[in-house]
Amino acid sequence: MLFPPAVAVASVCLAALSGDIPAQARVEFLDLLLWLVSGDGTDFGSAAEGLDLPLLCQQRAREGLWLLYDEVASGRSVEAAGSAFEILSVVESDRERLHKVRDHAGDLLPWHCQNGLCDEEPEPS
């Protein structure tokens with residue numbers, strides 16, 4: 001369940017990813033962002049106000065699509081590329097572009113992402 005600070009935390013994750021940070025920190029920020037965009041609902045107070053926090057986190061992550069695609073193509077880390085690709089599989093509306101990136105990334109992605117297990121069609125938000 002997500003709470004109101006989630007959207008701000010998504011922004012912090014994107015800001016951190018735009019910088020030169022240690023490899024393990026990069027993986028941790030990507031994993032946190034993945035958790036936020038894949039959120040399992042909104043707290044009751046926010047829901048009562050009509051807020052869909054996972055959707056708001058997804059919208060925030062879309063502002064950093066270029067960061068996520070860069071991470072996939074960078075070759076810095078298969079783990080980080082896999083997390084970035086999994087985030088893209090949730091937030092990217094251009095499925096054709098996502099599939100082309102997957103096909104071209106090859107060994108830069110973990111096995112499960114190379115074989116399409118990361119980018120199944122998301123459920124509508």
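Any read-out appearing in this document is the output of simple, stated calculations on the displayed coordinates, not a laboratory observation. If you're wondering where the values come from, they're calculated on a predicted model, not measured in any experiment. So basically every Cβ, Gly included, is an ideal-geometry build from the backbone, and we count neighbours across all protein chains shown.
Here are some notes:
- Quarter the surface of the alpha carbon convex hull of the chain and you get the mean projected area, 7.1 square nanometres.
- Within the stretch 62-106: Cβ-based charge dipole about Cα centre, in debye rounded to nearest 20 (Lys, Arg +1; Asp, Glu -1): 100 debye
- Cα gyration tensor shape for the stretch 74-115, rounded if a/c is under 1.5, else prolate or oblate: prolate
- For Leu2, residues with placed amide H under 5 Å, excluding near neighbours: Asp40, Gly41, Thr42, Asp43
- Helical contribution to [θ] at 222 nm, DSSP H n ≥ 4, -39,500 (n - 2.57), averaged over the chain, rounded to 500: -19000 deg cm²/dmol
- Note on the stretch 6-114: dipole from Cβ charges, positive end direction compared against Leu98, Phe44, Ala25; the farthest Cα belongs to Leu98.
- The long axis of helix 53-62 is offset from the longest Cα principal axis of the chain by roughly 40 degrees.
- Stretchable slack from Gln24 to Glu49, in nm (0.36 nm times residue separation minus alpha-carbon distance): 5.3 nm
- Assuming charge only on the beta carbon of Lys and Arg (+1) and of Asp and Glu (-1), the dipole of the chain about its Cα centre is about 280 debye to the nearest 20.
- Cysteines having no other Cys beta carbon under 4.7 Å from their own, within the chain: Cys13, Cys57
- Loop-located GluC sites (Glu not before Pro) across the stretch 1-74 with a Cβ neighbour count of 10 or fewer within 10 Å are Glu49, with loop assigned by DSSP.
- Value of relative contact order over the stretch 6-114, rounded to a whole percent, pairs C-alpha under 8 Å and six or more apart: 26 percent
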